[in-house]
Amino acid sequence: GTAFSNDASATSVGTIDSEGQINTTAGFSIIKYVGTGSAGTIAHGLGVAPSMVIIKARDDTTGDGNWLVYVKAGSVDETDYLLLNSNTEATDEAGAFNDTAATTTTFSVGTFVDLNQSSINYIAYCFADVEGYCKVGGYIGNGSTDGTFIYTGFRPAWIMQKRTNTTGNWLIWDSTRNTSNEVTKYLLADVTNDESTDGGIDIVSNGFKARKSGTGLNASGSTYIYLAFAEQPQKFSNAR
């Protein structure tokens, strides 16, 4: 990755100073900044708009310790926020991301203490779509064991997904704990539970397919978002 330090007042890239590490090939950057208490913009360095940003206060003693999640996919957009540490649905609130979509240079923060309290240090993890490697997207469940197919354009090695129209855990699946389909082992990002096993998903060459009708994965008519990674960028990998 490439390191950068951005003085917003000098470079006019964002209104809040930031610095961090950027890997444009992987579509991923790690950005640290100090909150101002006023709505503003922060440089992410990716050159394309991130589809997901996860933000956490590093030293806040007055906030509630939430991980705020920006998602631009499926039925969720810049007017909403999710909490990585909670199963709550997507919530419409301008105080989170200032109702402003991320651009090719910056993402926006509102005045929530969890992401922009004056003099508090924050860390942001920014994810952009990369063809053949990383995809943030959405889908609608069909309530069937012959479930919805979600196209990613690559064979996922790791998937995190969440129901967004009502409560639902953040489910994490991967191709290492189950090396063949059906993938049934999952973890939950928002609770302290041990690994669980249940009817799950098939991971295929160009995406994944739900194999259960449970509310956390494939409830009929419910909306979901996901973040998925391949083992390596397919557009740069060697044939074997």
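Has region 96-114 got at least one residue that is open to solvent by less than 50 Å² (accessible area, probe 1.4 Å) and in contact with a Cys (Cβ under 9 Å, 6 or more places away or on another chain)? Yes, because at least one residue in region 96-114 is open to solvent by less than 50 Å² (accessible area, probe 1.4 Å) and in contact with a Cys (Cβ under 9 Å, 6 or more places away or on another chain). Restricting to region 122-147, name every residue that is crowded, with 18+ Cβ neighbours inside 10 Å, in contact with a helix residue (DSSP H, G or I) (Cβ under 8 Å, 6 or more places away or on another chain) and in a loop (DSSP other than H, G, I, E, B). If the condition is that a residue be crowded, with 18+ Cβ neighbours inside 10 Å, in contact with a helix residue (DSSP H, G or I) (Cβ under 8 Å, 6 or more places away or on another chain) and in a loop (DSSP other than H, G, I, E, B), then Y133, G141, G147 are the ones that fit.
In region 220-229 there is no residue that is touching a residue at least 24 places away in the same chain (Cβ under 8 Å), more than 15 Å from R163 (Cα to Cα) and not in a strand (DSSP E or B). Enumerate the pairs (first residue in region 185-213 and among the aromatic types (F, W, Y); second residue anywhere and open to solvent by less than 20 Å² (accessible area, probe 1.4 Å) and assigned to a loop (DSSP other than H, G, I, E, B)) with beta-carbon separation below 8 Å, excluding pairs fewer than 6 apart on the same chain, so at least 6 apart or on different chains. That search, which allows pairs on different chains as well, returns F208/T152. Checked against the criteria, K162 counts as within 17 Å of S222 (Cβ to Cβ) and touching a Leu at 6+ places or on another chain (Cβ under 8 Å).
The values are calculated or read from the model by the stated rules, or taken from the named source; none is laboratory data. Here the structure is a predicted model, which means the values were calculated and not measured. FYI the Cβ positions are ideal-geometry reconstructions off the backbone, even for glycines, and counts take in every protein chain you see. Each accessible area value is taken on the protein alone, full model and side chains, heavy atoms only, with ligands, DNA and RNA left out. Shrake-Rupley method; radii C 1.70, N 1.55, O 1.52, S 1.80 Å.
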